[in-house]
Structures are given as structure tokens and as C-alpha cells.
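Chemist: Once you've had a glance at the structure underneath, I'll fire off some questions.
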Amino acid sequence: MEKISELQAVKSAIRRHFKAGMATNCVLNDRDLIREIEAGALYTEENEGALLILRDRGSHYILNYYVNSIPLPPLPETGLVCEITARGGENIRRDIVSALAELGFSEGKRRERLCRGAGEPEENERGDIEFSAAEPCDLGAIEELFCTSFDALTGCLTPERELSERIAAGEVFVARAGGEIAGAIETVSDKNFSSVRHLAVSEAFRGRGIGAGLVRAYLSATGGKRSFVWTEPAKAAAYKTYLKCGYLEDGNVSVVMTKGC
């Protein structure tokens with residue numbers, strides 16, 4: 001693997017492989033790449049037909065790819081997580097699934113993407129739960145909540161530095177009950193749309209509509225901008241929360257594959 005220390009190096013590699021018919025699962029923008037480079041966590045591996053981008057998470061790497069042909073380049077003998085996505089109406093790329101399987105990956109959970117069109121959400125009712133943008137001092141409590149709510153490997157937990165940046169940018173919202181954080185939602189906002197990264201409610205406060213309240217608070221803060229979220233239908237409570245807030249399946253699906261985890 002080659003450790004990347006300059007943004008131009010990885011962008012040049014991407015341009016070499018960005019061709020018609022290419023398959024990719026990469027949604028990393030320049031800001032994401034710079035953050036990984038500054039953290040010393042960005043690596044690449046490539047051959048003539050594919051570019052692999054690996055982000056070091058200590059216990060494992062997250063794998064993104066640009067693939068024009070098989071076989072894939074060699075991968076490190078360590079924990080790896082890769083999510084293969086497919087646009088609406090298409091099947092999961094079985095050639096990539098098979099190529100990863102030959103390298104020791106196994107299929108894990110499947111997710112679906114839900115989409116909500118632009119439009120202001122319903123207002124949250126006033127009560128004993130307060131919804132607001134997170135503050136820097138909330139970082140530790142939010143990290144703990146997410147760590148206890150999501151799988152450390154396949155939950156794609158956000159590194160502390162990145163989560164701190166999202167809080168500062170006003171992209172993380174919390175629910176407070178008597179001064180205690182009862183839930184949190186982490187989001188990412190772009191020019192034309194926004195998306196949910198993580199939504200969690202403390203076990204002691206579940207069943208009170210806090211998840212939906214957090215979603216509405218976030219949507220309201222974006223002005224009702226178009227929104228996406230990847231979620232597991234098997235997690236019925238979260239799935240129903242999004243449907244309640246106006247999200248619908250848009251036909252996009254994914255499979256998470258892991259190796260050595």
C-alpha cells in the first residue's frame with residue numbers, strides 16, 4: 001500500500017481510473033480526503049484495472065474502490081470493511097462481490113436507501129424534551145451513545161476529529177431531557193441535499209418519539225432540503241421513524257462485506 005500525504009496524489013490516481021463503465025462505491029469529497037490525509041490514515045493500492053482507497057481506523061480499514069476490470073489489487077492481511085452499493089433498478093455488482101470473496105471477504109448485512117423530497121417537516125411539539133444543535137462539550141456523550149448503538153466495524157463510526165468538525169458546523173443535533181442527552185443525530189449537508197449518518201436514542205428514553213423529533217429538528221435546520229439515509233429494514237424502530245418523517249425507499253441497495261473482522 002502507498003500512504004498518501006498530498007491531495008493531488010490521490011486525485012491523480014482517481015482520474016486515471018475514472019472511465020466510462022467504471023464501478024465505484026466512493027463518495028469521498030476533497031474535504032474528506034484532506035481530513036484523512038491530515039490524520040495519516042489514507043492509503044491506496046492500484047493496478048491497471050482498479051484503484052483501492054483505504055482509510056485506517058486502527059482496528060480495520062474502510063475500503064473504497066474504482067474498478068474497471070478484475071482482478072483487484074492485493075489487499076493487506078488485516079481487518080477490512082467494504083460496502084458495495086447499487087443504483088435503483090440495478091443489481092449488486094456480483095463480479096466485485098465475487099472478487100472480494102476470493103480475497104477472503106464475506107457478505108454481511110444489507111441496507112436500503114430512503115429518500116425524502118424537499119419540504120419543511122412537521123414542527124416538534126413542546127414538551128420536556130428539548131431539541132437543539134449539539135455543542136462542543138457534548139462530544140464525549142455523543143461518541144459514547146453512538147459507540148453503544150452501532151457496530152464498531154460495520155456501523156462506520158465517525159472518527160472523533162471529524163465528529164467534532166460536524167458539531168462545529170452545526171450538522172449534529174441532540175435531544176436533551178433534564179440536561180441529559182437522550183439522543184443524537186449526525187448529518188452531512190451539501191449544496192442540494194443532506195444525509196443522515198447516525199441516529200441513536202438512549203435506551204432509557206426509547207419509545208417516546210425522540211428519534212422522529214431529532215429527524216424533524218435536523219430537517220428544519222436545513223430548510224427542508226432533500227435528504228437521504230442508508231438504513232437496515234431489520235432495525236424496525238429506526239426504519240419506521242424515517243418513514244414517519246416522510247422518507248420512502250428509492251431502490252438503492254447495498255451489501256456490507258468484511259474480512260478478518
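The values are calculated or read from the model by the stated rules, or taken from the named source; none is laboratory data. Bear in mind that the values here come from a model prediction, so they are computed numbers and not experimental data. All Cβ positions, glycine included, derive from the backbone under ideal geometry; neighbour counts span all protein chains shown. In case anyone asks, the SASA skips ligands and DNA or RNA and just uses the protein heavy atoms, side chains included. Shrake-Rupley method; radii C 1.70, N 1.55, O 1.52, S 1.80 Å.
Chemist: Specify which residue in the list ALA234, ALA204, PHE131 is farthest towards the positive end of the charge dipole of the chain, using unit charges on the beta carbon of Lys, Arg (+1) and Asp, Glu (-1), about the Cα centre.
Modeler: Of ALA234, ALA204, PHE131, it is ALA234.
Chemist: Under 14 Å between C-alpha atoms is the cut-off here; go through the chain and count lysine pairs that meet it, provided they're at least eight residues apart or on different chains.
Modeler: 5
Chemist: Sticking with this structure for a sec: Using a ≥ b ≥ c from the Cα gyration tensor of the stretch 91-150 (square roots of the eigenvalues), is it rounded, prolate or oblate, where a/c under 1.5 gives rounded and otherwise the larger of a/b and b/c decides, a/b for prolate?
Modeler: oblate
Chemist: Still on this structure, please answer the following. Compute the signed sum of charges (Lys and Arg +1, Asp and Glu -1) over the other residues within less than 10 Å, Cβ to Cβ, of TYR61.
Modeler: +2
Chemist: Another question, if that's okay. With θ taken as phi - 60° and the coefficients 6.51, -1.76 and 1.60, list the Karplus ³J(HN,Hα) couplings across the stretch 178-190 in order, rounded to whole Hz; mark glycine and proline as x.
Modeler: Those phi angles translate into x, x, 9, 6, 9, x, 8, 9, 9, 10, 9, 10, 10 Hz.
Chemist: For the stretch 174-233, would you read off the P(r) tail past 16 Å as a percentage of all alpha carbon pairs?
Modeler: Looking at the stretch 174-233, the distances longer than 16 Å represent 45 percent of pairs.
Chemist: What does the charge count around LEU7 come to, taking other residues whose C-beta lies under 12 Å from its C-beta (Lys +1, Arg +1, Asp -1, Glu -1)?
Modeler: -2
Chemist: Take the Cα atoms of the stretch 21-81, build their convex hull, and give its volume per residue in Å³.
Modeler: Hull volume normalised by residue count: 86 Å³.
Chemist: Here's another thing I want to ask about it. Calculate how steeply helix 210-221 sits against the longest principal axis of the alpha-carbon atoms of the chain, using the helix alpha-carbon long axis, and give the answer as 0 to 90 degrees to the nearest 10.
Modeler: Helix 210-221 and the main axis of the chain meet at about 80 degrees.
Chemist: Of the trypsin sites (Lys or Arg not before Pro) in the stretch 113-173, which ones lie in a loop per DSSP and count no more than 11 other C-beta atoms within 10 Å?
Modeler: Working: sites: ARG113, ARG116, ARG126, ARG161, ARG166; in loops: ARG126.
Passing sites in the stretch 113-173 are ARG126.
Chemist: In terms of the Cα gyration tensor, with a ≥ b ≥ c the square roots of its eigenvalues, is the stretch 123-261 rounded because a/c is under 1.5, prolate because a/b exceeds b/c, or oblate?
Modeler: Details: a/c = 1.32, a/b = 1.15, b/c = 1.15.
Rounded shape, in that the Cα axes give a/c under 1.5.
Chemist: In terms of modelled amide H atoms, which long-range or inter-chain residues lie less than 5 Å from the amide H of GLY108?
Modeler: VAL256, MET257, THR258
Chemist: What shape does the stretch 1-118 take by its C-alpha gyration tensor, where a ≥ b ≥ c are the square roots of the eigenvalues and a/c under 1.5 counts as rounded, a/b above b/c as prolate, and the rest as oblate?
Modeler: Details: a/c = 1.35, a/b = 1.20, b/c = 1.12.
Because its axes are fairly even, with a/c under 1.5, the stretch 1-118 counts as rounded.
Chemist: Pick out, from ILE70, GLY21, ILE34, the residue whose Cα sits farthest towards the positive end of the charge dipole of the stretch 2-112, with +1 on the Cβ of Lys and Arg and -1 on the Cβ of Asp and Glu.
Modeler: Of the options given, the answer is GLY21.
Chemist: Can you tell which of GLY213, GLY251, GLY127 shows the greatest fluctuation in a Gaussian network model of the chain with Cα springs below 10 Å?
Modeler: GLY127
Chemist: If the chain between GLU112 and GLU135 were fully stretched, how many nm would it gain, using 0.36 nm times the residue separation less the Cα-Cα distance? Please report the intermediate quantities before stating the final value.
Modeler: Values: separation 23, 0.36 × 23 = 8.28 nm, distance 3.07 nm.
Contour length minus Cα-Cα distance gives 5.2 nm.
Chemist: Which of the listed residues, GLY246, LEU7, CYS156, is farthest toward the dipole's positive end in the chain, when Lys, Arg count +1 and Asp, Glu count -1 at the beta-carbon?
Modeler: GLY246
Chemist: Give me the percent of accessible area attributable to carbon and sulfur for the stretch 2-112, probe 1.4 angstrom.
Modeler: C and S atoms contribute 47 percent here.
Chemist: Let me spell out the model: positive unit charges on the Cβ of Lys and Arg, negative unit charges on the Cβ of Asp and Glu, origin at the Cα centre of the stretch 180-261. What dipole size does that give, in debye rounded to 20?
Modeler: It works out to roughly 120 debye.
Chemist: Here's a follow-up. Using alpha carbons only, how many angstrom separate the centre of the stretch 49-105 from the centre of the stretch 201-215?
Modeler: Taking the Cα centre of the stretch 201-215 as reference, the centre of the stretch 49-105 is 35 Å away.
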